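**Q** Once you've had a glance at the structure underneath, I'll fire off some questions.
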């Protein structure tokens, strides 16, 4: 039962509403009190309820059904939280189908929340729906050859993997397509300052510990779907379905009061679909896992702060030369080199056998240049980025592309001409390597790039002003988007999912309304500051390593790297934070 609080500026004169018999709404009833399903408390030292048939001057609680007699529909609409319809379409005339939890977005965050809820005996009986605009059957049946890898790959920290194991998902992920790594080499391309990350100096380290685990997003998504399906078929998954409108519900005189509940109007993504129209659904709790342009966030009128970096992240799947094996456990290493003069870092992240995934943050112009190269030239540029000086590397970007854009690496899957040899970049690299000392901490030589895997995406920074609103919660990219240089994007989303799952589980266990702000505040308090700190740190690193030359900024960042590298305890602390410990 909630304490009544002032409306905070809302003013309603009951004299303007002759049918409204309640004289003190404007002074005591807060909007989120109207969300309670069982009863409302109207309390004030001077609170008086004036009824037409009898005068009542004592303070007392009113049930929702009793309150309806005293409050007109106009006043009830004014008491709703500040929300706006997601679309201009009118409210549906049919009564909506009611769910406990509706999740919009079927990516790793949305599917992860469903898998977690289904794994717990406390929350497994909740009525849950998932809405995803893409066809999930494609992810369910996704299958590549063992030597082929998708270019959408994520780095999972040990805490994320532990959460996936706890909810029974990891056993459904194809272990032959994941690759843990135990060491990481990071260095500055301008100054040569370097830091190496490994667990060898930890006193409890008997064997090599994992820094992170690489897995394809589709491998993880397929595992999440398999885990959800293994939990039973008593949940609703609307695949190939988008949200056309989100509005507040209605107060049905002969049924439930849904006036504070989000009501979603759905439609099939394909305009040629012959399937029956999906139902209109109401959510006790609506979860937005629907990405950076979240309709759920727009409906809740939650603002975001942030900026575009004017940079692109270029990704590709690489084939590499065999790595020499040393006695003892198999140690795999990730590599990252900061290239201030070219717009950002380049990262080489290991995949099973002799494969790796590339993430190169660079300017829009450089990304377009790299995508226009034939495969041999692109391979030479990747090897050059880890080995040549900044001066030599900048010169490599001035070499002409030997083939037209139609036969470049980003169109290789459809044009076999892209495999035509182009030796200019490779010859230039070979000549310059003869005059360049090669450090011992560079990655294995890239022998080729897998066709059709080169792509790029814009880099942005966004953070929502809040993660919650009455009956609304945001997770993943709907709540925050950060620079990928630390590989923490998906891990922050998994952290959100784990926290929201615990908050829902706690609320159900204690008989609370899962959509009430009191239930959701636990999640927001646990995650908001953590995500803000990590996002801010990534933004600071991006800005510090985008200042070219050897000036004070370069001197300061090099000093910082060298100091951290020589302080094992500080380095171990940073690694534990990055691992989610």
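**Q** Select, from 479, 498, the only residue that is farther than 25 Å from residue 358 by Cα, touching a residue at least 24 places away in the same chain (Cβ under 8 Å) and in contact with a strand residue (DSSP E or B) (Cβ under 6 Å, 6 or more places away or on another chain).
**A** 479
**Q** Name the strands (runs of 3 or more DSSP E) wholly inside the stretch 438-481 in which the number of residues that are under 25 Å from residue 515 (Cβ atoms) and under 19 Å from the mean Cα position of the chain (by Cα) is 1 or more.
**A** Because the criterion is at least 1 residues that are under 25 Å from residue 515 (Cβ atoms) and under 19 Å from the mean Cα position of the chain (by Cα), the strands (runs of 3 or more DSSP E) in the stretch 438-481 that meet it are 455-464, 472-474.
**Q** Let me ask something else about it. Report those strands (runs of 3 or more DSSP E) wholly inside the stretch 125-192 carrying at least 2 residues which are assigned by TED's automatic domain parsing to the domain that holds residue 291, farther than 30 Å from residue 559 by Cβ and touching a helix residue (DSSP H, G or I) at 6+ places or on another chain (Cβ under 9 Å).
**A** 128-132, 153-156
**Q** Given the conditions (1) surrounded by fewer than 22 Cβ atoms within 10 Å (Cβ to Cβ); (2) touching a residue at least 60 places away in the same chain (Cβ under 8 Å), report the number of the one that residue 330 does not fulfil.
**A** It fails just one condition, (2).
**Q** Only residues that are in contact with a helix residue (DSSP H, G or I) (Cβ under 9 Å, 6 or more places away or on another chain), touching a residue at least 60 places away in the same chain (Cβ under 8 Å) and over 30 Å from residue 385 (Cβ atoms): list them for the stretch 445-476, please.
**A** Scanning the stretch 445-476 gives 463, 464, 466, 467, 469, 470, 471, 472, 473, 474, 475, 476.
**Q** Taking the options 511, 487, 515, 560, name whichever one is under 23 Å from residue 155 (Cα atoms) and either surrounded by fewer than 17 Cβ atoms within 10 Å (Cβ to Cβ) or in the same structural domain as residue 125 (by TED's automatic domain parsing) (or both).
**A** 487
**Q** Does residue 313 qualify as being closer than 30 Å to residue 379 by Cβ and either surrounded by 15 or more Cβ atoms within 10 Å (Cβ to Cβ) or not assigned by TED's automatic domain parsing to the domain that holds residue 487 (or both)?
**A** When the stated conditions are applied, residue 313 passes them.
**Q** Run residue 198 past the list (1) under 26 Å from residue 505 (Cβ atoms); (2) over 22 Å from the mean Cα position of the chain (by Cα) and report the number of the one that doesn't hold.
**A** Of the numbered conditions (1) under 26 Å from residue 505 (Cβ atoms); (2) over 22 Å from the mean Cα position of the chain (by Cα), the odd one out for residue 198 is (1).
**Q** If you check residue 120 against the conditions, is it over 22 Å from the mean Cα position of the chain (by Cα) and in contact (Cβ under 8 Å) with a residue 12 or more places away in the chain?
**A** yes
**Q** In the stretch 143-163, which residues are in contact with a strand residue (DSSP E or B) (Cβ under 9 Å, 6 or more places away or on another chain) and within 15 Å of residue 218 (Cα to Cα)?
**A** Once the filter is applied, which keeps residues that are in contact with a strand residue (DSSP E or B) (Cβ under 9 Å, 6 or more places away or on another chain) and within 15 Å of residue 218 (Cα to Cα), the stretch 143-163 yields 144, 148, 149, 150, 151, 152, 153, 154, 155, 156.
**Q** All but one of (1) crowded, with 17+ Cβ neighbours inside 10 Å; (2) within 34 Å of the chain's Cα centre (by Cα); (3) modelled with pLDDT under 95 hold for residue 387; state the number of the condition that does not hold.
**A** With (1) crowded, with 17+ Cβ neighbours inside 10 Å; (2) within 34 Å of the chain's Cα centre (by Cα); (3) modelled with pLDDT under 95 applied to residue 387, the lone miss is (3).
**Q** Related question: Of the residues 358, 349, which single one is touching a helix residue (DSSP H, G or I) at 6+ places or on another chain (Cβ under 7 Å), crowded, with 22+ Cβ neighbours inside 10 Å, farther than 17 Å from residue 458 by Cβ and modelled with pLDDT of 95 or more?
**A** 358
The values are calculated or read from the model by the stated rules, or taken from the named source; none is laboratory data. No experiment lies behind these values; they were computed from the predicted model shown. All Cβ positions, glycine included, derive from the backbone under ideal geometry; neighbour counts span all protein chains shown.
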